[in-house]
Amino acid sequence: MGAHARHGLAQIAADIEPVADDFTKGLFARLFALDPSLRDLFPANMTGHRATFLRVLDHVFTSIPQPDGHDDLIEFLAQLGRDHRKYGLTEAHYDTMAAALIAEVHAVYEPHGGLDDEDAAVLEQGVQLLTGVMRGGAHSDPTPARRRARVVEVLRPHPGLSVVRLVADEPLLFRPGQYVETQIPQMPRVWRPLSLAMPPNTQGQLEFHIRAVPGGYLSSTVFGETRPGDVWQFGQVHGLLRPDGDRPVTMIAGGTGLAPMKSILLAMSMNANNPDVHLLVGARSPGLLYDSESLAPLAATNPWLKVTQVTDARSDPWWLKRPATAYRALPLRHGSLVDAMSRLDLTGHRVLIAGPRGLLRAASEAAVARGAAPEDVVTDPL
Ligand SMILES: Cc1cc2nc3c(=O)[nH]c(=O)nc-3n(C[C@H](O)[C@H](O)[C@H](O)COP(=O)(O)OP(=O)(O)OC[C@H]3O[C@@H](n4cnc5c(N)ncnc54)[C@H](O)[C@@H]3O)c2cc1C
């Protein structure tokens, strides 16, 4: 990083990378000093936010100088702006963010002689594009920034899983298979994406399947503390999991990855005609399979649907005391979900995958190896 060298936005992104941690800490400290009211909109632990912010900044600063892809970049930033409405950001907050970001980038170059005028102007334009398009996206969305729903039932099918049912004040608009940014009353300002496990309906009924992640803020709180009467809040809805026309569908669901698949299947069961669907649902041991009592009648009454349960272990750990009747109504195979895919021919199939991070990667690779076209293998973003 030489004094007065010509940098450009992509080089600025590269120069920030080695000092990324200090940069984002300094940026948010500067932001909250400029407008202390902003501090109340974000969670106490900013680690995740800082990492996400850096990824976005890097993407924007490296994309702007590229000759193509600007429409995608604009749509990405507008969507980010729509997403950020859930924090309660105002138009003025974007000006504060622009000022803090420009000042923090200058601070990186200060010890090295500073940015020259031309690079300072490029930086200013890049930051104004980032904040301006986000602000425009937020401003042009006429839907409410947040929706609310009241918890009506909490089930705990096994130690480590909560099934939470709610009724929304106003029905949420979403497609079966999508997920929604969610906040629970015990964890104000903490938002996590959760898959909707039921299709949209006029009564505003919602269902979520939440695995208790050890040490996890939201999931372990849901497991320990969520009660009927709690009011949950929801931000933007996203997600690409869905069938495509009349092509056969293979669904790979690990753990609570069952939630979006169940939503899609319940919606399909209301149609007269459906493509063939094979759902492979996996868990570590038989007693950790859940919702077989919904899946078994669905498979029995819909000839287009086949469900196969797959578990890594043949028997449950000693602490898990669940009756085998919970999962006996459906076929059960042993091995991993990826092993189970090795017998399938997925040529021409639409393959939908949901579940833990490692499964998404491994099952996507296995699907392509079994003949699926890469563009037909769909997962939600990690
Ligand atoms: C598209 C999508 C859909 C999803 N759908 C569902 C769903 O339907 N059901 C579901 O259960 N989950 C779902 N998730 C996952 C969910 O969003 C959360 O990531 C999950 O519930 C864990 O959140 P948490 O707040 O409990 O954990 P976090 O607090 O985010 O922690 C996650 C892990 O990091 C560790 N950790 C946290 N803080 C620190 C720290 N400071 N230092 C070191 N380690 C730390 C924790 O111990 C834990 O192991 C989905 C995710 C995506 C991306």
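The values are calculated or read from the model by the stated rules, or taken from the named source; none is laboratory data. Nothing here was measured: the structure is a model prediction, and the numbers come from that model. Positions of Cβ are backbone-derived with ideal geometry, glycine not excepted, and every protein chain shown enters the neighbour counts. Each accessible area value is taken on the protein alone, full model and side chains, heavy atoms only, with ligands, DNA and RNA left out. Shrake-Rupley method; radii C 1.70, N 1.55, O 1.52, S 1.80 Å.
Please go through region 244-288 and pick out each residue that is more than 16 Å from the ligand (Cβ to nearest atom), under 14 Å from ARG175 (Cβ atoms) and open to solvent by less than 40 Å² (accessible area, probe 1.4 Å).
Across region 244-288, the qualifying residues are ALA267, MET268.
I'd like to verify a number: residues in region 180-228 that are out of contact with any strand residue (DSSP E or B) (no Cβ under 7 Å at 6 or more places or on another chain), more than 9 Å from the ligand (Cβ to nearest atom) and closer than 19 Å to LEU289 by Cα, how many?
The qualifying residues number 0.
Across region 309-341, what is the number of residues that are modelled with pLDDT of 95 or more, open to solvent by 30 Å² or more (accessible area, probe 1.4 Å) and polar (S, T, N, Q)?
1
Can you say whether THR131 is free of Cβ contacts under 8 Å to residues at least 40 places away in the same chain, out of contact with any Gly (no Cβ under 7 Å at 6 or more places or on another chain) and of a type outside the set (Phe, Trp, Tyr), as far as the supplied structure shows?
Spelling it out, THR131 is indeed free of Cβ contacts under 8 Å to residues at least 40 places away in the same chain, out of contact with any Gly (no Cβ under 7 Å at 6 or more places or on another chain) and of a type outside the set (Phe, Trp, Tyr).
Conditions: (1) under 19 Å from LEU241 (Cβ atoms); (2) assigned to a helix (DSSP H, G or I). GLY282 meets all but one. Number of the miss?
Of the numbered conditions (1) under 19 Å from LEU241 (Cβ atoms); (2) assigned to a helix (DSSP H, G or I), the odd one out for GLY282 is (2).
If ASP169 satisfies every condition in (1) more than 16 Å from the ligand (Cβ to nearest atom); (2) open to solvent by less than 10 Å² (accessible area, probe 1.4 Å) but one, which is the exception?
(2)
Among the listed residues LEU130, LEU161, LEU206, LEU194, which satisfies the condition of being in contact with a Ser or Thr (Cβ under 6 Å, 6 or more places away or on another chain) and open to solvent by less than 60 Å² (accessible area, probe 1.4 Å)?
None of the others qualify; the one that does is LEU194.
One residue is enough: does region 58-65 have a residue meeting the conditions open to solvent by 40 Å² or more (accessible area, probe 1.4 Å), touching a residue at least 40 places away in the same chain (Cβ under 8 Å), within 16 Å of the ligand (Cβ to nearest atom) and over 15 Å from LEU101 (Cα atoms)?
No: region 58-65 contains no residue that is open to solvent by 40 Å² or more (accessible area, probe 1.4 Å), touching a residue at least 40 places away in the same chain (Cβ under 8 Å), within 16 Å of the ligand (Cβ to nearest atom) and over 15 Å from LEU101 (Cα atoms).
Checking GLY88 against (1) under 24 Å from the mean Cα position of the chain (by Cα); (2) modelled with pLDDT of 95 or more; (3) not aliphatic (A, V, I, L, M), which single condition isn't satisfied?
Among (1) under 24 Å from the mean Cα position of the chain (by Cα); (2) modelled with pLDDT of 95 or more; (3) not aliphatic (A, V, I, L, M), the lone unmet condition for GLY88 is (2).
In region 216-249, which residue that is outside any loop (DSSP other than H, G, I, E, B) and of a type in the set (A, V, I, L, M, F, W, C) is nearest to LEU346 (Cα to Cα)?
VAL249
Given the criterion assigned to a helix (DSSP H, G or I), within 16 Å of the ligand (Cβ to nearest atom), in contact with a strand residue (DSSP E or B) (Cβ under 8 Å, 6 or more places away or on another chain) and open to solvent by 20 Å² or more (accessible area, probe 1.4 Å), identify the matching residue among SER294, SER364.
Only one candidate qualifies: SER364.
Quick grid of which residues meet (1) away from the ligand (no atom under 16 Å from the Cβ); (2) within 20 Å of TYR109 (Cα to Cα); (3) open to solvent by 50 Å² or more (accessible area, probe 1.4 Å):
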{"site": "ARG30", "(1), (2), (3)": "yes, yes, yes"}
{"site": "PRO36", "(1), (2), (3)": "yes, no, yes"}
{"site": "ARG39", "(1), (2), (3)": "yes, no, yes"}
{"site": "PHE42", "(1), (2), (3)": "no, no, no"}
{"site": "HIS49", "(1), (2), (3)": "no, no, no"}
{"site": "ASP72", "(1), (2), (3)": "yes, no, yes"}
{"site": "ALA78", "(1), (2), (3)": "yes, no, no"}
{"site": "ARG85", "(1), (2), (3)": "yes, no, no"}
{"site": "GLU91", "(1), (2), (3)": "yes, no, yes"}
